[in-house]
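K.L.:
Let me begin by handing over the structure; questions about it come next.
Please treat every number below as a calculation from the coordinates, not as lab data. The structure displayed is predicted, hence computed values, not measured ones. We place every Cβ from the backbone using ideal geometry, glycine too, and count neighbours over all the protein chains shown.
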Amino acid sequence: MADKSKDEILHDHNHDGIDRRGFLKCMAWAGTGAFCVMQGGVLKSYSLSGLTGLKAKEIKGELSFVQISDSHMGFNKPANTDVAGTLKAAIDKINALPTAPGFILHTGDITHLSKPEEFDGVDQLLKSASAKDVFYVPGEHDVIGDDGKQYLERYGKNTKGAGWYSFDQKGVHFIGLVNVMNLKAGGLGSLGNEQLEWMENDVKHLSKSTPIVVFAHIPLWSVYPEWGWGTDDSAQALGYLKKFGSVTVLNGHIHQTMQKVEGNVTFHTAASTAFPQPKPGEAPSPGPMKVPAEQLRSLLGIRDVNYVQGKHALGVTDSTLE
Amino acid sequence: MKRTVLTLGFAALAIVAIMMASRSRSFGATVDDKPATQVKIDNFVFSPNPITVPAGTTIRWTNQDDIPHNVVSDDKSFKSKALDTDETFTYTFTKPGTYSYFCSIHPKMTGKIVVQ
C-alpha cells in the first residue's frame, strides 16, 4: 500500500508494556493510517509516513491476511450511493498489496438488509480478490428477519451454533465469534452461554505461546456502550484467553479504526468499505456520516495483518481506499 | 363528460371502500375512524416515548433514519419487519397494559406504550 504524508495517527506510543496497568490507548481514527506491531502482547504503533524500511523488515512474515468489514451491500443513502463501487475499490487495494494475503476475514454487515441479492452482490465482487478464501462472521444487518437462517445456509458450513468456529493457519489460532444474535432490549452485543462454553473448550488445550486472533462483528471491548458499541459478556470470553501471550481482537461495526491495548490483548476495529460513522458521542446518533464526496474514500478502508513466526508478532496496517 | 365524472366518482368510492375494507382486515375488531398515533424513529430514538393511549389505539411507527430499524415487543407479541427509510409499521393495542418494545437490530433503542 502507498504511504501518504498526510497519514498520521493521533497517539504515537512506544510502550514498554510490561506490568502496565489500566488501559493503554492507541487510537487511529477514521481517515488515518496506522502501522502496528504486536510483540508479546504489546502494540507498537507508528505513523505510516517514514515507515518504509521497517515495513520491509518487520512485516514480511509467514502469514498474511486482510480484514474487511461492513460492506453494507444494498445501502443507497446519501452517505454513499455506490457501496458496490467502494467494495470494488477495497478489493483493488487488496489485490495491489505487496504481499498477497492468504485469505480475507469479513467481520460482518456483509449486507444492509439481509436480502439474497445483497449477499450475491458481495460474493460476486469478492471473486475478483487475489485471496480466494473468505472467512465471515455475521453482523446484525446479516441476520435481519430470519434469525440468521440465510446467513448460515450461505456461510455456516463447518460452524457451530449461530455460526461460530475456529481454525488454524501457520501456527496462529483464529476464532470467529457471533455476537449479533438474541440481542436483549437495552443490551449490547451478546455471545451467550453456549458459545462461551464452546470457546472455553476450544482454547483449553492450546499452548500459551499460540498466537490467538479473535474476530467478531460488534467490538469485544467497551468502545461506547451508549451507542451499543460493546458486548455484554465479552469479559468472560477474554477471560479464557488470559494465559496466552499474544491475543489480537479484530472487530467491525463502528465504521472507523480504533485500537486499544489491555494486558496481553490488542483490540482493533476496522473501517467500513461502505460509509463512515461518527466518532463516539460526536453526533446525535451513530447513523451514517455524510461527508463531501471527495473525502469519502479517505474514511473507508481495508486492514492488512501479517504474522512473523518466531517473532511472536502481528503487524497490523490500516489503509484507506484513496 | 358527465359519464366520465360519474365513472371517476364510482372509482373514487370503490377506492374508499377498498381502503376501509383493508383497514378492517389489518386492524381487526377495533376499527374506528381515529387516525393512527404517530411514533417516529429518528436518530436511533423512538419518540414520543413513553406514550399513554386509550385501548383500541393504533400506533404507526415511521423510520426516518438512513439505517433500518425494527419494532419488537419484549415478549415478542408484536414484531415488525426491518423498516428501511420512510417505511412504517402499525399495530393496534386492544387491551390495557404496559407494552415494552425495542429495536432488535439496535437493542439500545427501547420504548414503552401504556394502554389504558
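K.L.:
Quick one: net charge around A:LEU126, please, counting Lys, Arg +1 and Asp, Glu -1 for every other residue with C-beta under 14 Å from its C-beta.
P.N.:
0
K.L.:
Moving to a separate point now. Give me the net charge for the shell around B:GLN64: Cβ to Cβ below 14 angstrom, other residues only, Lys and Arg +1, Asp and Glu -1.
P.N.:
Net of charged neighbours comes to -3.
K.L.:
Also, I was wondering about something else. If you filter the stretch A:238-312 for GluC sites (Glu not before Pro), then keep DSSP loop positions with at most 15 other Cβ within 10 Å, what is left?
P.N.:
A:GLU282
K.L.:
So how do A:ARG154, B:ARG60, A:ARG297 line up by other beta-carbon neighbours within 10 Å, fewest first?
P.N.:
Ordered by Cβ neighbours within 10 Å, fewest first: B:ARG60, A:ARG154, A:ARG297.
K.L.:
Taking B:LYS95 as the anchor, which aspartates and glutamates have their alpha carbon closer than 18 Å to its alpha carbon, excluding any fewer than eight residues away along the same chain?
P.N.:
Filter leaves B:ASP32, B:ASP74, B:ASP75.
K.L.:
Exceeding 21 Å between C-alpha atoms, which entries from my cross-link table qualify? They are A:LYS149/A:LYS170; A:LYS77/A:LYS290; A:LYS170/A:LYS260; A:LYS88/B:LYS81.
P.N.:
Distance filter (> 21 Å) returns A:LYS149/A:LYS170; A:LYS170/A:LYS260; A:LYS88/B:LYS81.
K.L.:
Give me the one-decimal nm value for the distance between modelled label points at B:LYS81 and A:SER285, 7 Å along each residue's Cα-to-Cβ direction.
P.N.:
Taking the simple label geometry, B:LYS81 and A:SER285 are separated by 2.1 nm.
K.L.:
Given +1 on the Cβ of Lys and Arg, -1 on the Cβ of Asp and Glu, and no further charges, what dipole in debye does the stretch B:32-115 carry about its Cα centre, rounded to the nearest 20?
P.N.:
340
K.L.:
Also: For A:LYS77, what is the net charge nearby, where nearby means another residue's Cβ is under 10 Å from its Cβ and Lys, Arg count +1, Asp, Glu -1?
P.N.:
Net local charge, A:LYS77 excluded: -2.
K.L.:
Calculate one ³J(HN,Hα) per residue across the stretch A:85-101 by plugging θ = phi - 60° into the Karplus curve 6.51 cos²θ - 1.76 cosθ + 1.60, and present them in order as whole Hz with x for glycine and proline.
P.N.:
x, 6, 5, 4, 5, 5, 5, 4, 4, 4, 5, 9, 4, x, 10, 5, x
K.L.:
Let me ask something else. Per residue, what volume in Å³ does the convex hull of the Cα atoms of the stretch B:32-115 enclose?
P.N.:
Output value, Cα hull per residue: 81 Å³.
K.L.:
Test of understanding: ordering A:THR107, B:THR52, B:THR57, B:THR62 by Cβ neighbours within 10 Å, fewest first, what list do you get?
P.N.:
By the 10 Å Cβ count, ascending: B:THR52, B:THR62, B:THR57, A:THR107.
K.L.:
Moving on to the next point. Calculate the mean, over all residues of peptide B:100-111, of how many other protein chain Cβ atoms lie within 10 angstrom of the residue's Cβ.
P.N.:
Per residue, the number of nearby Cβ atoms from other chains is 6 on average.
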